[in-house]
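The structure appears below as structure tokens.
The values are calculated or read from the model by the stated rules, or taken from the named source; none is laboratory data. All figures in this text were calculated on a predicted structure; none of them were measured in a lab. Note that each Cβ is placed from the backbone with ideal geometry, even for glycine, and that neighbours are counted across all protein chains shown.
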């Protein structure tokens, strides 16, 4: 269990968190090869598809500061396993959209379910970073790198997995398969992830902090990171929402589309 993290106590915990980050990355790009096709068949246009893709990342962006502020009150373990089970359950529900024939209901449920899934992702990601920063201060840089690399690998491989599963079982299978994996992993998290000391002492050590979120932007590195992350995410979202329409002229399968989707993340 501790092969990758031999110097860490409970080295299996970072491995588990990296695996969840990998699944979260897959969820972020899984539907790229086939959702535009299904949406077009139900009468949706490219703007609707782009908004469905963008809703996911926008909700994460908007809610992460909230979860960061509430992590001590809620607890990191609770935020992780509840966040993962929300991601998994929402993913399964998204696969059931195949049976919705009404155009308006289809697009509304697409927004709502993706937004709920994003809330779970935001909860998991915020709590994970809190655990890494508080419990592994000597290797925080390495662990952050592993987490981001795991998420990036999932984001890159997601279209390929989605295309393969879509060809095997249609629209439902990719979401049900990955969603079920996340639900199972959430139960594993509940059983083996320890309750960290920072969770139980959060309210006792609630000392007022004179610095707020706005003060972060006075640090020169923070706006630069925000701008670079925003630019990279825009590039990813643009490809996911539009590449399918462009390569339809080549009559490629969903699996071939997944191979062609190269994310810069």
Modelled with pLDDT of 90 or more, within 26 Å of residue 68 (Cα to Cα) and in a helix (DSSP H, G or I), is that true of residue 185?
-> yes
Qualifying helices (runs of 4 or more DSSP H) (wholly inside segment 5-111; at least 3 residues being over 29 Å from residue 166 (Cβ atoms) and either out of contact with any helix residue (DSSP H, G or I) (no Cβ under 7 Å at 6 or more places or on another chain) or at pLDDT 85 or above (or both)) = 12-29, 46-74, 76-95
Selected residue (criterion: nearest to residue 89 (Cα to Cα)) from residues of segment 154-180 that are out of contact with any helix residue (DSSP H, G or I) (no Cβ under 6 Å at 6 or more places or on another chain) and surrounded by fewer than 18 Cβ atoms within 10 Å (Cβ to Cβ) = 180
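Residue-by-condition table, conditions (1) surrounded by 18 or more Cβ atoms within 10 Å (Cβ to Cβ); (2) without any contact (Cβ under 8 Å) to a residue 12 or more places away in the chain; (3) within 15 Å of residue 175 (Cα to Cα):
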residue	(1), (2), (3)
48	yes, no, no
55	yes, no, no
67	yes, no, no
71	yes, no, no
88	yes, no, yes
98	no, no, yes
107	yes, no, no
111	no, no, no
Return the pairs, sorted by first residue and then second, in which the second residue is modelled with pLDDT of 80 or more and in a loop (DSSP other than H, G, I, E, B), the first residue lies in segment 184-204 and is on the phi < 0 side of the Ramachandran plot and surrounded by 13 or more Cβ atoms within 10 Å (Cβ to Cβ), the beta carbons are less than 6 Å apart, and the residues are 6+ apart or on different chains.
-> 199/75
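Could you tell me whether residue 140 is out of contact with any strand residue (DSSP E or B) (no Cβ under 7 Å at 6 or more places or on another chain), over 23 Å from residue 26 (Cβ atoms) and assigned to a helix (DSSP H, G or I)?
Answer is yes for this residue.
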